[in-house]
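Peer 1: Below: one structure in structure tokens.
Computed from the coordinates by the stated procedures, all read-outs in this text should not be read as laboratory data. What you see is a predicted model, and the numbers here were worked out from it, not measured in a lab. Virtual Cβ from ideal backbone geometry, glycine too; neighbours counted across all protein chains shown.
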Amino acid sequence: MNIKKISAAPVGAAEICRILDEANVEFVSVDNHCWAADYPYKPKFEVRMAHNGKQLLINYRVTEECVRAVAPHDDGNVWEDSCCELFLSPVADGTYYNMECNAAGTLLIGFGPKRNDRERASQEVLDKVDRWSSMGREPFADKMGEQTWQLCLAVPTEAFYHHNLESFDGLKVKGNVYKCGDMLPHPHFLSLFPIDLPKPDFHRPDFFGGVEFE
């Protein structure tokens, strides 16, 4: 996946859709349905990203039959909601960050080399990530009926809090993008790069694909 560099001043999350439209950044389908036999429901999920050196600008677009965002605060169980996720290894040192955000912009960030014993980001770090959702920023219970919603995150280099990233410029890294909803009426698990395992597991950096920043 290639991440275009755009020339922009510091960007707020609410501006990302417009800025990426103006920069002609196209959506990419996230449609690897690796566990379709056990979880046949497949929402439509797309992502587009750009950066301005200091910020990674993420825009997710989802069409699904039920939208849920009940996690009451950051660092909660957002993966049980309608959740969009970016896992990224910004440095080839065997570690990665998991950045998981539900449809109300409620966020968690974890860090470590594997699924277990991950270090959660502090609220101070989480607050550095500006967020916007077309569904609003307040928690809500299941909203039934097919609908399309968007989520935007402006992620500064400081959000990768175990690494002293001065800029995203020219990074060649590994990562993956996911959509899940563990507690939705029809749980689902989609990925950008395929995961060859018998059961859903996003914490598998061995299946990360290439991500290149201009």
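Peer 1: Would you mind ranking Arg137, Arg204, Arg131 so that the residue whose beta carbon has the fewest other beta carbons within 10 Å leads the list? Walk me through the numbers before you get to the answer.
Peer 2: On the way: Arg137 11, Arg204 16, Arg131 22.
In increasing order of surrounding Cβ atoms, one gets Arg137, Arg204, Arg131.
Peer 1: What is the local net charge at Val11, summed over the other residues whose Cβ is closer than 12 Å to its Cβ (Lys, Arg +1; Asp, Glu -1)?
Peer 2: -1
Peer 1: Quick one: among Lys42, Lys54, Lys199, which has the greatest mean-square fluctuation in a GNM of the chain with alpha-carbon springs under 10 angstrom?
Peer 2: Fluctuation is largest for Lys199.
Peer 1: Between Ala141, Ala13, Ala103, which gets the highest mean-square fluctuation from a Gaussian network model of the chain, Cα cutoff 10 Å?
Peer 2: Of the options given, Ala141 has the highest mean-square fluctuation.
Peer 1: May I ask for the distance between the Cα centers of the range 151-214 and the range 50-129, given as a whole number of Å?
Peer 2: Each part reduced to its Cα centre gives a spacing of 9 Å.
Peer 1: Would you look at the GNM of the chain, springs on alpha carbons closer than 10 Å, and say which of Leu197, Leu165, Leu184 moves the most?
Peer 2: Leu197
Peer 1: Next question. At 37 °C and 0.692 mPa s, grab the translational diffusion coefficient of the range 118-207 from Stokes-Einstein with a Kirkwood Rh over Cα pairs, rounded to a whole number in µm² per second.
Peer 2: Estimated via Stokes-Einstein, D reaches 200 µm²/s.
Peer 1: Per DSSP H run of n ≥ 4, the term is -39500 (n - 2.57); total these for the chain, divide by its residue number, and report the mean residue ellipticity at 222 nm rounded to 500 deg cm²/dmol.
Peer 2: Calculated mean residue ellipticity at 222 nm is -1000 deg cm²/dmol.
Peer 1: Which value in Å does the Kirkwood hydrodynamic radius of the chain take, with 1/r averaged over all unlike C-alpha pairs and then inverted?
Peer 2: 17.1 Å
Peer 1: In addition: So what are the ³J(HN,Hα) numbers for the range 96-109, from phi and the Karplus equation (6.51, -1.76, 1.60; θ = phi - 60°), rounded to whole Hz, Gly and Pro as x?
Peer 2: Values, residue by residue: 7, 9, 10, 10, 10, 9, 8, 5, 9, x, 7, 10, 9, 10 Hz.
Peer 1: Once amide H atoms are placed 1.01 Å from N in the peptide plane, what residues at a sequence separation of 5 or more from Asp74, or on another chain, have their amide H within under 5 Å of its amide H?
Peer 2: Under 5 Å from the amide H of Asp74: Leu107.
Peer 1: Would you mind checking which residues have amide H under 5 Å from Val91's amide H? H placed 1.01 Å from N; only 5 or more apart, or other chain.
Peer 2: So Val91 has HN proximity to no qualifying residue.
Peer 1: Okay, moving on. Can you tell me the relative contact order of the chain? Whole percent, Cα pairs under 8 Å, sequence separation 6 or more. Display every interim value, and only then the final one.
Peer 2: Working: 528 pairs, mean separation 60.2, N = 214.
Value for the chain: 28 percent.
Peer 1: Using θ = phi - 60° and the Karplus curve 6.51 cos²θ - 1.76 cosθ + 1.60, what whole-Hz ³J(HN,Hα) does each residue of the range 168-185 get, with Gly and Pro shown as x?
Peer 2: With coefficients 6.51, -1.76 and 1.60, one gets 7, 3, x, 5, 10, 10, 10, x, 7, 10, 9, 10, 9, x, 4, 10, 6, x Hz.
Peer 1: For Val125, Val28, what's the fewest-to-most ordering of other Cβ within 10 Å of each Cβ?
Peer 2: Placing the least packed residue first, the sequence is Val28, Val125.
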